[in-house]
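Engineer: Once you've had a glance at the structure underneath, I'll fire off some questions.
The values are calculated or read from the model by the stated rules, or taken from the named source; none is laboratory data. No experiment lies behind these values; they were computed from the predicted model shown. Every residue, glycine among them, receives a Cβ derived from its backbone with ideal geometry; neighbour counts consider all protein chains shown.
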Amino acid sequence: MSGAAQFAYAQARLQARLGESMPPAVQEQLHAARDLASLLTAARSTALRRYAARLAPGLDPHELERHLRAEWVALVDEVARWQPGEWQASIRWLSWLPSLPLLQKLARGGRPPAWARNDPWLGRVIATEPALRAAALAVTPLRPLRAVFETRERDAAAAWLVHWRASWPRKPAAALALERIARDVADCDASLREPAARTSRDTLRALRHRLLRTFRRHPLSPAAAVAFLLLEGLGLLALRGEVMRRAAIEPGPS
């Protein structure tokens, strides 16, 4: 299948998925759920059902965290397989985005959360002495980020972005669209870190609008896949927040 045909196939799949996205009213319904059981029941009647399938009341919060992260990795891998072969590695690199805050924390000497100790890759790094973590990271798929442990001035997000850009095939039009996405995400992050007039909900809504615009303007481009994944990621992040808020106050299994 040619690259153009592969992008057309991918776009059809992405468009169908995007059509299932939750309207704001459904998000409010999830937010109003009284407990975790009610939340999961509501989520399974929405586009989030694929992410909530393995979640259950009574699971340890760390187990819930692992399940949600696994769902993100599975989604990224699925979307990557729809793309032309030359773009699959750069799309798969998005699967590590949720790990960046943890890597930054470890590089600064912070204590890892319990769930991370059982992670197939991060667990190996955590089990290693702090002085040897760069070397431990170098034998995992996260080896492009070893500089986070070797050079404290570089943060995890910056190192991730350097490698992501380097993984792009030499396609100027696609690169321009991807750079636009990177700027939009960076602008959103800056706004969230320095709250001003807009609320975080307003900021995230603005980012969703920009990502949706990119998705529509670049239908035969890897930018559509990246925009779709980030839109899904925002929904998954919202689900995580609602799940963890309830799991933190509900008793676990006796």
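Engineer: Kindly state which helices (runs of 4 or more DSSP H) lie completely within segment 1-51 and contain at least 3 residues that are at pLDDT 80 or above.
Structural biologist: Of the helices (runs of 4 or more DSSP H) lying wholly inside segment 1-51, those with at least 3 residues that are at pLDDT 80 or above span 3-18, 36-43.
Residues are listed down the side, and each one gets a yes or a no for (1) in contact with a helix residue (DSSP H, G or I) (Cβ under 9 Å, 6 or more places away or on another chain); (2) within 26 Å of S167 (Cβ to Cβ); (3) surrounded by 19 or more Cβ atoms within 10 Å (Cβ to Cβ):
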{"position": "R54", "(1), (2), (3)": "yes, no, no"}
{"position": "L75", "(1), (2), (3)": "yes, yes, yes"}
{"position": "P84", "(1), (2), (3)": "yes, yes, no"}
{"position": "P98", "(1), (2), (3)": "yes, yes, no"}
{"position": "R111", "(1), (2), (3)": "yes, no, no"}
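Engineer: Only one residue in R50, R69 is within 13 Å of L236 (Cα to Cα) and touching a Ser or Thr at 6+ places or on another chain (Cβ under 9 Å), so which one is that?
Structural biologist: After applying the criteria, what remains is R69.
Engineer: Of all the residues that make up segment 142-157, how many are touching a residue at least 24 places away in the same chain (Cβ under 8 Å) and more than 24 Å from L64 (Cβ to Cβ)?
Structural biologist: Selection size over segment 142-157: 6.
Engineer: Let me ask you something else. Determine which member of the set G58, G85 is touching a Pro at 6+ places or on another chain (Cβ under 7 Å) and among the small types (G, A, S).
Structural biologist: Sole residue among the options that is touching a Pro at 6+ places or on another chain (Cβ under 7 Å) and among the small types (G, A, S): G58.
Engineer: Could you say which residue among W93, W72 is among the aromatic types (F, W, Y) and under 22 Å from A114 (Cα atoms)?
Structural biologist: The match here is W72.
Engineer: Continuing with the same structure: Please go through segment 41-60 and pick out each residue that is free of Cβ contacts under 8 Å to residues at least 24 places away in the same chain and under 11 Å from V243 (Cα atoms).
Structural biologist: A56
Engineer: With the structure loaded, tell me whether P169 is in contact with a Phe, Trp or Tyr (Cβ under 9 Å, 6 or more places away or on another chain), assigned to a loop (DSSP other than H, G, I, E, B) and either farther than 30 Å from D60 by Cβ or free of Cβ contacts under 8 Å to residues at least 40 places away in the same chain (or both) or whether it fails that test.
Structural biologist: It is true that P169 is in contact with a Phe, Trp or Tyr (Cβ under 9 Å, 6 or more places away or on another chain), assigned to a loop (DSSP other than H, G, I, E, B) and either farther than 30 Å from D60 by Cβ or free of Cβ contacts under 8 Å to residues at least 40 places away in the same chain (or both).
Engineer: Then there is this: Only one of A116, A158 is under 28 Å from A80 (Cα atoms), within 17 Å of the chain's Cα centre (by Cα), assigned to a helix (DSSP H, G or I) and at pLDDT below 90. Can you tell me which?
Structural biologist: Selected residue: A116, the only one of A116, A158 that is under 28 Å from A80 (Cα atoms), within 17 Å of the chain's Cα centre (by Cα), assigned to a helix (DSSP H, G or I) and at pLDDT below 90.
Engineer: I've got another one for you. Would you point out which residue out of A156, A174, A182 is farther than 30 Å from K105 by Cβ and in contact with a helix residue (DSSP H, G or I) (Cβ under 8 Å, 6 or more places away or on another chain)?
Structural biologist: A174
Engineer: Quick check on H67: is it at pLDDT 90 or above and closer than 23 Å to A247 by Cα?
Structural biologist: Answer is yes for this residue.
Engineer: Taking interchain pairs and intrachain pairs at least six residues apart, which have beta carbon atoms under 9 angstrom, with the first residue in segment 65-84 and under 22 Å from G3 (Cβ atoms) and the second among the hydroxyl-bearing types (S, T, Y) and surrounded by 21 or more Cβ atoms within 10 Å (Cβ to Cβ)?
Structural biologist: A80/S90; Q83/S90
Engineer: Looking only at helices (runs of 4 or more DSSP H) that lie completely in segment 54-109, which have at least 2 residues being acidic (D, E)?
Structural biologist: 61-82
Engineer: Still on this model: Could you list all residues from segment 65-114 that are within 23 Å of A175 (Cα to Cα) and among the basic types (K, R)?
Structural biologist: Those that are within 23 Å of A175 (Cα to Cα) and among the basic types (K, R): R81, R92.
Engineer: Oh, and also: Name every residue in segment 135-153 that is touching a helix residue (DSSP H, G or I) at 6+ places or on another chain (Cβ under 7 Å) and in a loop (DSSP other than H, G, I, E, B), in order of residue number.
Structural biologist: T140, L142, R146, R152
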